[in-house]
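For reference, the structure is listed below as structure tokens.
The values are calculated or read from the model by the stated rules, or taken from the named source; none is laboratory data. These figures come from a predicted structure and were not determined experimentally. Cβ placement follows ideal geometry from the backbone for every residue including glycine, while neighbour counts extend to all protein chains displayed.
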Amino acid sequence: MTAVSTADQPTLAPSIPRQLLLDSGYVLLGLPLALASFVVLLVGSALSVGLVVTVIGLPILSGTLHAARAFADIERLRLPAVLRQPRIRPHYRAPEPGASAWRRIFVPIRDAQSWLDLAHGIFRLIVAIATFVVTLVWWAGAVAGTLYWAYDWALPRGGPDDTDLAELLGLGGSAAARVGLHSAIGLFFLITLPIVARGCALMQAGFARAMLTGVAEMRDRITVLEEQKRAAVSAEAAALRRLERDIHDGPQQRLVRLAMDLSRARQQLASDPEAAGRTLDEAVAQTRDTLAELRSLSRGIAPPILVDRGLPSALAALAGRGLIPIELQVDPTLGTPGGRLDPAVESTAYFVVAEALTNVAKHSRATTCQVGVERADGRLTVSVGDDGQGGAHLAKGHGLVGIADRVRAAGGELRVVSPTGGPTEVRADLPL
């Protein structure tokens, strides 16, 4: 059982008056819903327990669990307004195709989430009554106190033994004292009303979330972590294979030739010193080329400039080696001591840009390229666009699968927009 989210981003925080109305409506409407679910589910549970020894008890229990699921779905629809989170609904057990009637009856009984829905539907009444009373009292105090001046004259006054609250506090028995005191009390209730309503709503919503979506969220998180682990293993294996291939095709072949040149030069020293000198010159050239390739490979693994000076400098050096003009727009704060990112995030962002630029040079036939890195709302957005022929897709490879695995391993998401004919944009969103 995993959770299904109906939104990609959490809901933005509304204004204080709007949030007050949302919280108050959630709490006040929660009581009649809690009463309805309490009555229906308690009666259904009692009947099913009483008739469990007969054949009728199990269908009643199954129907009660389905009713609990319906009340739980209503509550899940109300939660996002309070928690400011996407709506999450667990995957319930489903009957197998062609299952008999009795098998269908036993499906909700074997589903753990159905029993959590039942427990929530019965015990939510306790929380609903407490939050309803507190919220209603605060609303009554705020409205009655702030408007006391409008109806003070209409209130009946008793005899000399009838002492007003203002008199008990030593403020006197005048109308001004009464209005001032009650208005101050109403103002207190009015100022604290958003806080109290918010607290009551969060208490009720927190209980609902723990019972209705908590297990599903935990299982969903486990699934995401497993996918990230598989992506990290896949990305690491692909990087090792690529490094092995690059070493075998480049430096290793040059070192083999270097060894052969040196052996040939040693044989030529006695018979033909001039030929030996030429052979040694070739060996020196091979050594330089080998060192250049090794430096290039080391930059692909962990460039020193990324560790020493940060992401902006590393990307600038990367863009400077590009085969086509590259427009670079990077948040300059990412290179400052206080703005440096986590090393894993920096490495992933650098890898995304490096692999994307390699794909642009090899496959896109582009004439210009744009690289952008921006930090906002706790996320790092890395985008690489070009004006090439388009047609790039994750299923086609060209390094995009490796980028996707690396981004997914970091908990991010990769999107590729590349219609036929171009342009192409590769965008990675990484959490900070």
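Quick look at the values:
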{"read-out": "Any hit, the stretch 73-96, residues being touching an Asp or Glu at 6+ places or on another chain (Cβ under 6 Å), assigned by TED's automatic domain parsing to the domain that holds residue 119, farther than 23 Å from residue 51 by Cα and small (Gly, Ala, Ser)", "value": "no"}
{"read-out": "Yes/no for residue 69 being surrounded by 14 or more Cβ atoms within 10 Å (Cβ to Cβ), in a helix (DSSP H, G or I) and within 33 Å of the chain's Cα centre (by Cα)", "value": "yes"}
{"read-out": "Filtered residues of the stretch 34-55 (kept if surrounded by 18 or more Cβ atoms within 10 Å (Cβ to Cβ) and either within 23 Å of residue 202 (Cβ to Cβ) or in contact with a Gly (Cβ under 6 Å, 6 or more places away or on another chain) (or both))", "value": "34, 37, 38, 41, 48"}
{"read-out": "Answer residue from the stretch 51-90, given it is in contact with a Pro (Cβ under 7 Å, 6 or more places away or on another chain) and polar (S, T, N, Q) and is nearest to residue 208 (Cα to Cα) among those", "value": "85"}
{"read-out": "Residues located in the stretch 270-292, provided they are surrounded by 14 or more Cβ atoms within 10 Å (Cβ to Cβ) and hydrophobic (A, V, I, L, M, F, W, C)", "value": "275, 276, 280, 283"}
{"read-out": "Qualifying residue in the stretch 83-96 (condition: loosely packed, with under 15 Cβ neighbours inside 10 Å and not in a loop (DSSP other than H, G, I, E, B))", "value": "no"}
{"read-out": "Unique residue being surrounded by fewer than 19 Cβ atoms within 10 Å (Cβ to Cβ) and either assigned to a helix (DSSP H, G or I) or not assigned by TED's automatic domain parsing to the domain that holds residue 24 (or both) when the list is 58, 118", "value": "58"}
{"read-out": "Residues that are in a strand (DSSP E or B) and surrounded by fewer than 17 Cβ atoms within 10 Å (Cβ to Cβ), drawn from the stretch 371-391", "value": "374, 376, 379"}
{"read-out": "Every pair of residues 6+ apart whose Cβ atoms lie under 9 Å, when the first sits in the stretch 408-432 and is closer than 22 Å to residue 378 by Cα and of a type in the set (Val, Ile, Thr) while the second is modelled with pLDDT of 80 or more and in a loop (DSSP other than H, G, I, E, B)", "value": "426/418"}
{"read-out": "Residues satisfying the stated conditions in the stretch 324-358, i.e. modelled with pLDDT of 80 or more, in a loop (DSSP other than H, G, I, E, B) and closer than 19 Å to residue 312 by Cβ", "value": "325, 331"}
{"read-out": "Matching residues in the stretch 359-388 - criterion: being in contact with a Lys or Arg (Cβ under 6 Å, 6 or more places away or on another chain) and closer than 16 Å to residue 319 by Cα", "value": "383"}
{"read-out": "Unique match (being at pLDDT 75 or above and not assigned by TED's automatic domain parsing to the domain that holds residue 134) among 205, 292, 237, 285", "value": "285"}
{"read-out": "Of all residues making up the stretch 323-340, the number that are crowded, with 20+ Cβ neighbours inside 10 Å and either touching a residue at least 60 places away in the same chain (Cβ under 8 Å) or in contact with a Gly (Cβ under 7 Å, 6 or more places away or on another chain) (or both)", "value": "1"}
{"read-out": "Where a residue in the stretch 284-312 is part of a helix (DSSP H, G or I) and its partner, wherever it lies, is aromatic (Phe, Trp, Tyr) and at pLDDT 70 or above, with Cβ under 9 Å and at least six apart", "value": "300/351; 306/350; 311/350"}
{"read-out": "Given (1) modelled with pLDDT under 80; (2) touching a strand residue (DSSP E or B) at 6+ places or on another chain (Cβ under 6 Å); (3) hydrophobic (A, V, I, L, M, F, W, C), number of the condition residue 395 does not satisfy", "value": "(2)"}
